[in-house]
Amino acid sequence: MQLRVGFEMIYRCAQPTPMMLALSIHPERADDLVVPDRLVSDPVVPTSSYLDLFGNRCSRLVAPQGRIVLSSDAVVNDNGAPDLVARSAPQNTVEALPAATLVYLLGSRYCETELLSDIAWQLFGSVPAGWARVQAICDYVHRHIEFGYTHARHTRTASEAHAEGRGVCRDYAHLAITLCRCMDIPARYCTGYLGDVGTEPPYGPMDFAAWFEAYLGDRWYTFDARNNKPRIGRVLIARGRDACDVALSTTFGPNKLEGFRVWTDVAVTA
């Protein structure tokens, strides 16, 4: 199966504005790219790329004063398999965890473990450790948060999402990540493309998606508290501690986002 994925973002800047962008498909999918996800700007401006501390491919540019359109359109090979389910995956003791996973046990900008630790242990302390515990967390978050695009707020933290009981996919991910970390399970935030392959209509508007990965046994596994079922056709863009690490765009000057489109479709092949 091939997926056509891409975006168009239109900014208006009051002055020349440096930008950092996390909009490139993750390097682990590089071999799957049939048509590369080249970042295009209109007007054309010099752009450079780099790998951040989490291994994400990012871009830098200076947007001119006025209007700039940023876009990309790629085709990606995908095996068409749903997210892996491994119900026997065990939970590690903290002392046995690989050093590289330990940062994903700590509190972060949107994941305040210190505020939700007691609640987490009350809710999940009696649930068997391992896959069952992470799934129980996903089930709880899926039920607890009411989804709605009108609920979006870029400053909402996990504890606020828990208190308010509403949000968008990033809020589901942040709350599930925080509860996992409170239960000594490393968890990290993921953002990328996720279309409607294998799901029933009606379909909502397309957007970038957020999910998370939990470390069980000897590897990371994908979980999605928003959809709460294995999905087909995830295309990872970036991973980090939370959404702060993988912001689609970070700008250094006044600007307005005037247009935003995302597409994720099965590509039509000859």
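The values are calculated or read from the model by the stated rules, or taken from the named source; none is laboratory data. Only a predicted model underlies this, so the values are computations on that prediction, with no experimental measurement involved. When we count neighbours, we look across all protein chains shown, and the Cβ atoms used for this are built from the backbone with ideal geometry, even at glycine.
If a residue has to be free of Cβ contacts under 8 Å to residues at least 12 places away in the same chain and among the polar types (S, T, N, Q) to count, how many in the stretch 94-131 make the cut? Total satisfying the criteria: 2. Condition check for Phe124 on (1) assigned by TED's automatic domain parsing to the domain that holds Val197; (2) surrounded by 17 or more Cβ atoms within 10 Å (Cβ to Cβ); (3) closer than 22 Å to Arg239 by Cα: one failure, at (3). When you look at Gly259, is it small (Gly, Ala, Ser) and assigned to a loop (DSSP other than H, G, I, E, B), yes or no? No; evaluated as a whole, the condition is false for this residue.
With respect to (1) more than 17 Å from Leu106 (Cβ to Cβ); (2) in a loop (DSSP other than H, G, I, E, B), the lone exception for Tyr172 is condition (2). For Tyr203, the conditions (1) at pLDDT below 95; (2) in contact with an Asp or Glu (Cβ under 7 Å, 6 or more places away or on another chain); (3) within 26 Å of Asn56 (Cβ to Cβ) all hold with the exception of (3). Name the pairs whose Cβ atoms lie under 9 Å apart, with the first residue in the stretch 186-214 and under 19 Å from Pro98 (Cβ atoms) and outside the structural domain of Gly148 (by TED's automatic domain parsing), the second outside any strand (DSSP E or B) and not polar (S, T, N, Q), and 6 or more positions between them or separate chains? Note: no pairs meet the criteria.
The single residue among Ala22, Ala14 that is among the hydrophobic types (A, V, I, L, M, F, W, C), surrounded by fewer than 12 Cβ atoms within 10 Å (Cβ to Cβ) and under 19 Å from Val69 (Cβ atoms) turns out to be Ala14. Among residues of the stretch 211-266 being surrounded by fewer than 19 Cβ atoms within 10 Å (Cβ to Cβ) and among the aromatic types (Phe, Trp, Tyr), the one that is nearest to Glu200 (Cα to Cα) is Trp263.
Select the strands (runs of 3 or more DSSP E) contained entirely in the stretch 1-109, then report the ones holding at least 3 residues which are out of contact with any helix residue (DSSP H, G or I) (no Cβ under 9 Å at 6 or more places or on another chain), of a type in the set (S, T, N, Q) and not assigned by TED's automatic domain parsing to the domain that holds Phe223.
Per the criteria, 47-51.
Given (1) without any contact (Cβ under 8 Å) to a residue 24 or more places away in the chain; (2) part of a helix (DSSP H, G or I), where does Thr155 come up short, assuming only one miss? Status for Thr155: all satisfied but (2). Of all residues in the stretch 102-111 being crowded, with 17+ Cβ neighbours inside 10 Å and not aliphatic (A, V, I, L, M), which is farthest from Met183 (Cα to Cα)? Filtering the stretch 102-111 for residues that are crowded, with 17+ Cβ neighbours inside 10 Å and not aliphatic (A, V, I, L, M), the one farthest from Met183 (Cα to Cα) comes out as Tyr110.
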